[in-house]
Amino acid sequence: MNDLRETIRDHGTWSEDQAVTRLLHSLELTGGARHRAVAAAMSLVEGARARRDERPFLDAFLQEFGLSNQEGIALMCIAEALLRIPDDATADRLIAEKLATGDWSAHSGQSESLFVNASTWGLMLTGGILELDPAIKTDATTWMRKLTRKAGEPLVRLAVRRAMRIIGGEFVVGRSIEEALARSAREAEVALCSFDMLGEGARTLQDAERYLKSYQHAIAVIGAAAAGREPHEASSISIKLSALEPRYTLLQHERVMRRLVPQTLDLARQAADLNIQLTIDAEEADRLDLSLDIIEAVAKDSATRDWPGLGLAVQAYGKRALDVIDWVAATARQNGRRMSVRLVKGAYWDSEIKRSQERGLPVYPVYTRKVATDVSYLACAGRLFNHADAIYSQFATHNAHSIAAVLELAPAKANFEFQRLHGMGRLLYAEAARKVANFPRVRVYAPVGEHKDLLAYLVRRLLENGANTSFVNRFMDEQVPVAEIVRDPISELERLESFAHPRLPLPAALYAERRNSRGMDLGDPRELQTLREELSVRSAVTAGPIVNGVLLPGNAHPTSNPAAVSSAPCSMPKAPRSPTPSSHLKTQTPKSNAS
Ligand SMILES: Cc1cc2nc3c(=O)[nH]c(=O)nc-3n(C[C@H](O)[C@H](O)[C@H](O)COP(=O)(O)OP(=O)(O)OC[C@H]3O[C@@H](n4cnc5c(N)ncnc54)[C@H](O)[C@@H]3O)c2cc1C
């Protein structure tokens, strides 16, 4: 097992060329299956386009306001900022600035969705707040400005906040788990869910305590509603480890293992008692190693061995994904249990790239070409089916080709499921269920919570929907031919001259004029170990003023390390007493030069 963990770490340092070459050698999809997957995916897109009237509001909204136009970016900025700006005056200034920069009239009438048009006119300033004037159809920009002047910024703020709440509400299935379950019982579309109690990145112990309680409560309520069904057939829970521990970083390994392992174990035991599934979401790449330590500790628990509900998400955009899947299978087998893996592509791509650049790391932890992530998804899917004795597979994607390719890869009678996010992918999966006989079950990842906890989740969804590389952003756009949206990613990848993205230099080579400063990968235990060893052999130094290259003599006295007062890393001469600035200068002058 340790060997597999070492392999995961080794492969994290691989160049993109090495990682992609390995991917291409790991694929299980043959030529014929590749053609069939493309044809099936095209037919799914065509079918979904033919039913565009049934398209949910959010799909239409995000297609009109993507990240590719100024107004879309303005809306995303407002959405992101409004949720966390505490004071009204700043919120007003932000809204005024963002609304003034857009050419809103360019969108009027562009979408056939009435709701989207309403939002274009006045960011959903409808009904009670404002009567829509037919004249605005011709000049929405002027109308927007007039409105801000006439109605006053506080009113616009109120309306914009309301609009953002509506957008947020599209992604959230209920404000409480009780409300979410009631909806799940009512609406067939959300009958099978993995509930996500909104909240992540706890900043304080109070936050963490609150999130822990909400997980415990949710498990109890979901378990009661599951009413004895098998874990894979009942609704389940997804948890984020970052919600449970404010210091969830490898630097705090000892503390994290002491606090987080017992908490995660308790949650797993509670879920096992009620026989519902518990999935640990995948977060940032520098937390992967630490998360595997925790999952390994939970998987060793003999009290829950017979429960097949322990699961984790694996991110295909990570260069280590295949190795992580092998490790999960080995862990499950060694502990005599079955586990589940939710295969995702990964939601933190932009921040992984940015963080690696800031830290000046030797390589990126993720692929830099979208098509490499798509191929990795297929390689991982094949690997998961190979481990079917130990792993129950869950494929979370909204991409028609990924769905079709998974169906091609699945062995006959394989037991697995697809997953989609609430508010996304509905049309596509409905089409798949219509076209494919015995289409597997589809579970909906269903966020639950209050508006104030939605921010991080909402921003990830807006980025995902708005990115022009994203499948959901383009697949309903009639302007883009289906053949352009659905392509065989393997051929595309094989055709590339360089696997690394030419416009994304390695973090060290970020600047043309100088080398980027070399940082440390604080998520790699081997790098941390080296750092600790270097610190432990560092001998105490003597410090003091150096003038003209000469260390001035003086009465050295030890100084203490403020972070560990018992250690004295350095000796410093006592500062000379200097009654006047000129005498101070004198004491700094070396004797040889003194007058
Ligand atoms: C049920 C469910 C659960 C989820 N749980 C998690 C989770 O626990 N952790 C998590 O991180 N995400 C999670 N996600 C989010 C998921 O990662 C994104 O929804 C997913 O990446 C979108 O992939 P797609 O196949 O739907 O779309 P596609 O449009 O085919 O793929 C988009 C993805 O490609 C990748 N990508 C984009 N540009 C590049 C590039 N230049 N180079 C390399 N890769 C690129 C990114 O991963 C991006 O998200 C979950 C999603 C679902 C549906």
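Computed from the coordinates by the stated procedures, all read-outs in this text should not be read as laboratory data. Predicted model, so just to flag it, every value in this text is computed and none were measured. Virtual Cβ from ideal backbone geometry, glycine too; neighbours counted across all protein chains shown.
Backbone N atoms of the stretch 1-29 closer than 12 Å to the 7 Å Cα→Cβ label point of GLN334 belong to residues 1-7.
The order of PHE385, PHE499, PHE416, PHE395, going from fewest to most other C-beta atoms within 10 Å of their C-beta, is PHE385, PHE499, PHE416, PHE395. In this calculation the C-beta distance from ARG514 to LYS213 is compared with R0 = 45 Å, giving a FRET efficiency of 0.35.
Roughly how many Å is it from the Cα centre of the stretch 211-240 to that of the stretch 541-564, as a whole number? Here the answer is 60 Å between Cα centres.
Length available on full extension from ALA182 to ALA430: 0.36 nm per residue minus the Cα-Cα distance, which gives 87.1 nm. Panel values: the stretch 289-431, Kirkwood radius from alpha carbon pairs, Stokes-Einstein at 25 °C and 0.890 mPa s, translational diffusion coefficient 152 µm²/s. When LYS345, LYS370 are arranged by Cβ crowding within 10 Å, least crowded first, meaning fewest neighbours, the order is LYS370, LYS345. Here the stretch 307-327 and the stretch 427-502 have alpha carbon centers that stand 20 Å from each other.
With 22 Å as the limit on Cα-Cα distance, the pairs of LYS240/LYS345; LYS345/LYS435; LYS413/LYS435; LYS319/LYS435 that go past it are LYS345/LYS435; LYS319/LYS435. With 0.36 nm allotted per residue and the present C-alpha distance subtracted, the ASP273-LYS354 stretch has 25.0 nm of extension available. Taken along the Cα-to-beta-carbon direction at a fixed 7 Å, the label points for ALA33 and ARG532 span 4.4 nm. Note on ARG495 and ASN561: with the Förster distance fixed at 60 Å, the Cβ-Cβ geometry gives a FRET efficiency of about 0.60. Between the amide H of CYS570 and those of VAL541, THR559, distances stay under 5 Å, these residues lying 5 or more places away or on another chain, with hydrogens modeled in the peptide plane. The residue among HIS217, VAL314, GLN277 whose Cα reaches farthest toward the positive pole of the charge dipole of the stretch 178-323, with charges on the beta-carbon of Lys, Arg, Asp and Glu, is HIS217.
Within the set of other residues whose C-beta is less than 10 Å from the C-beta of ASP488, count the net charge using Lys and Arg as +1 and Asp and Glu as -1. Don't skip to the end; give the middle numbers.
Details: positive: ARG34, ARG487; negative: ASP374, GLU492, GLU494.
So the surrounding residues net to -1.
Placing unit charges on the Cβ atoms of the charged side chains and taking the dipole of the stretch 449-509 about its Cα centre, the candidate lying farthest along the positive direction among LEU504, PRO481, LEU454 is LEU454.
Is the shape of the stretch 357-483 rounded, prolate or oblate, going by the alpha carbon gyration tensor and its root eigenvalues a ≥ b ≥ c, with a/c under 1.5 for rounded and a/b larger than b/c for prolate?
rounded
Report the trypsin sites (Lys or Arg not before Pro) located in the stretch 185-225 that are in a DSSP loop and have at most 16 other Cβ atoms inside 10 Å of their Cβ, or state none.
Numbers: sites: ARG186, ARG203, ARG210, LYS213; in loops: ARG203.
Counting only loop positions with at most 16 other Cβ atoms within 10 Å, the trypsin sites (Lys or Arg not before Pro) in the stretch 185-225 are ARG203.
Grouping the Cα pair distances of the stretch 402-456 into 5 Å bins from zero gives a pair-distance distribution of 4, 15, 25, 21, 12, 9, 7, 5, 1, 0 percent in increasing distance order.
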